[in-house]
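The values are calculated or read from the model by the stated rules, or taken from the named source; none is laboratory data. A quick note: this is a predicted structure, and the numbers were derived from the prediction, not measured. Positions of Cβ are backbone-derived with ideal geometry, glycine not excepted, and every protein chain shown enters the neighbour counts. To get the accessible areas, we keep the full protein, side chains included, count just its heavy atoms, and leave off ligands, DNA and RNA. Shrake-Rupley method; radii C 1.70, N 1.55, O 1.52, S 1.80 Å.
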Amino acid sequence: MRISVSSDMDEPVARHLLAELERRGHETVPYGALRPGDDPQWAVCSEAAAREVAAGTADQAVVCCWTGTGASIAANKVPGVRAALCTDAYTADGARRWNDANVLALSLRLTSEPLLKEILDAWFAAEASEDAEDRANVAHLGRLEG
Ligand SMILES: O=C(CO)[C@H](O)[C@H](O)COP(=O)(O)O
């Protein structure tokens, strides 16, 4: 997959995220502090990475900031984006499965390298549920965008 990746801080775990995604065979498109000269403001770089998903130029995105909250809020402002702040593998699995999340938001503060691997394993292993109730919920999210 082509995955846009943003971070407002050039932290080791964000660099590890890029390397880990590439090790798994994904193409990465860095934003913010991960790309020289790009705007590293969390609202700006998270939006940029999320817009790639909405435009279809990226399959998914991973947006990072120190807490993960600002990155997830910004990404979720982009129509068509369902960003989920995940702090553990169970949440990442549920985000893909029940929410059909297309953007993973991460906290740079809380995500250790071993935890990142667990979260990515769960995120990429899970598929969106085809259950009618789950699909109805996701469809409702689309209608909330107006
Ligand atoms: O977690 C964040 C936003 O949700 C930011 O990473 C945090 O606010 C740090 O930003 P700055 O370096 O501009 O103080």
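Brief remarks follow.
- In this view, the solvent-accessible surface of Val138, computed with a 1.4 Å probe and all protein chains in place, comes to about 20 Å².
- Relative contact order of the chain, pairs being alpha-carbon contacts under 8 Å that are 6 or more residues apart, as %: 22
- The packing ranking of peptides 8-15, 75-82, 96-103, highest mean first, is 96-103, 75-82, 8-15, where packing means the average number of other beta carbon atoms within 10 angstrom of each residue.
- Rounded to the nearest 10 degrees, the angle from helix 42-55 to the longest Cα principal axis of the chain is 50 degrees.
- The angle between the Cα long axis of helix 12-23 and the main principal axis of the chain comes to about 60°, on a 0 to 90 degree scale.
- Computed from Cα atoms, the angle from the helix 132-144 axis to the main principal axis of the chain rounds to 60 degrees.
- Considering only Ala125, His26, Ala14, the residue lying farthest towards the positive end of the dipole of the chain is Ala14, judged by Cα position with unit charges set on Cβ.
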